[in-house]
Amino acid sequence: MGAGPAGSTTAKYCAHRGADVLVIDRRKEIGHPVQCGELLPHAKEMYSMFPRGIELEELFDIDHSTVDGESDTIEMISPRGRAYRIPFSSHVLNRRSFDKRLAKGAEEAGARVMTGTSLLSVDESGVAETTAGQIKAKVVVGADGPNSRTAREAGLERPRPSYPAIACRTDSTFGSEVRMFFGAAAPGGYAWVIPKDRGANIGVGYSQAMCSAKPTELLKAFASWLGVSVREEALGFVPLAGPSRRTTSGRFVLVGDAAGHTMASNGGGIPTAMIAGREAGRVIRRHLEEGAPLSDYELAWRAFMEGPLIRSHKTLRLAGYAFRNDALTGLAMAMLGRRGLDRAIRCRRLFL
Ligand SMILES: Cc1cc2nc3c(=O)[nH]c(=O)nc-3n(C[C@H](O)[C@H](O)[C@H](O)COP(=O)(O)OP(=O)(O)OC[C@H]3O[C@@H](n4cnc5c(N)ncnc54)[C@H](O)[C@@H]3O)c2cc1C
């Protein structure tokens, strides 16, 4: 269920001759609207975050037609305007075409993709009711994002949707640095400017526990402070409560945002959704071909990602205390300094 990065990657890796792999997505157009900042770290940065024997080149061999720009620096900016420059190379995606490209990859591998089709319910025998009728599946993959209906139907924990984030396009141009603004612009999170070759993606992600304003109000205030006009706003939720305790049950497998596979200290979830998707796809394929248990997936993604994701979540929890207001945020950023902030972004321990 779901043709985002998690679902399409899972489908690509489990599709093989003889297997009938179907991806359904409720969106009419895959990848649209774009509820995303569209930043995807280069593989070398991912290696610095997930260092345990993972092979990423093939997964992050990105089709250049889906890239709208490149950046080699992140500037983290304190409420008083002090900038901490972190060398960090990333693609700036065009997610509308990126997600379509991933879905095409799944189709090329043999999967079928059905858009405009919502999952309504699914029972433990794998019978799913959808808006296009009943579908029966041996394995049901929940790659349906933070409000995963699949997780709920499977009786698995759903990530808590406590961090709203809103992104939009502006035609205004900026330098090539990604900029993250901390403080009142986005309490408990950050506001961003992610420059593209033409225009930029700007947005705000914040903690509802620390701010009762509506996402659109914060975005409007941020855009007005930047002096830009915006279009194509799209709101989503980022699951930042750490990875789910269980991601398999019976014939159900959860991947990506549906499994809490988001890096809480930077808000990114595209690469982790793809890494987990590949592991899920490989295990499902072995399950169908050789009867391997689906719970192998639990072991596989945890071996690569659990440590960094848990550390990243701890950092976010610390930030919840230390970034309570502008003065404390500035102080905490000064104490961490460029190195500490670099470690936070890379899901590492803050203090050695
Ligand atoms: C505003 C914002 C900015 C972000 N910026 C970044 C960023 O710059 N970099 C980064 O790495 N991450 C970012 N993220 C996080 C990133 O977008 C997600 O982590 C990533 O998309 C997870 O991929 P996924 O495949 O698990 O879920 P999704 O991409 O959410 O895909 C889930 C799919 O499931 C479909 N679906 C949902 N329910 C159903 C249903 N009942 N039936 C059928 N289909 C269903 C949806 O239509 C959707 O296509 C951002 C998130 C937000 C909200």
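The values are calculated or read from the model by the stated rules, or taken from the named source; none is laboratory data. Please read all numbers here as calculations on a predicted model, not as lab measurements. Every residue, glycine as well, gets a Cβ built from its backbone with ideal geometry; the counts of neighbours run over all protein chains shown. The area values use the complete protein model at the heavy-atom level, side chains included, leaving out ligands, DNA and RNA. Shrake-Rupley method; radii C 1.70, N 1.55, O 1.52, S 1.80 Å.
Residues in the range 230-243 that are away from the ligand (no atom under 12 Å from the Cβ) and open to solvent by less than 70 Å² (accessible area, probe 1.4 Å) were compared, and the one that is nearest to residue 287 (Cα to Cα) is 243.
Residues of the range 193-216 that are farther than 23 Å from residue 270 by Cβ and either near the ligand (Cβ under 10 Å from one of its atoms) or of a type in the set (Val, Ile, Thr) (or both): 216 alone.
Within the range 1-41, being at pLDDT below 95 and more than 23 Å from residue 151 (Cα to Cα) holds for 16, 17, 18, 19.
Restricting the range 148-175 to residues that are in a loop (DSSP other than H, G, I, E, B) and aliphatic (A, V, I, L, M) leaves a set whose member that is nearest to residue 118 (Cα to Cα) is 154. Among the residues of the range 125-133, none qualifies, meaning not one is open to solvent by 60 Å² or more (accessible area, probe 1.4 Å) and either within 21 Å of the chain's Cα centre (by Cα) or more than 13 Å from the ligand (Cβ to nearest atom) (or both). Among the residues of the range 197-229, the one identified as buried (at least 22 other Cβ atoms within 10 Å of the Cβ) and in a loop (DSSP other than H, G, I, E, B) is 206.
Scan the range 217-228 and give yes if some residue there is under 23 Å from residue 300 (Cβ atoms) and within 13 Å of the ligand (Cβ to nearest atom), otherwise no. For the range 217-228, residues under 23 Å from residue 300 (Cβ atoms) and within 13 Å of the ligand (Cβ to nearest atom): absent.
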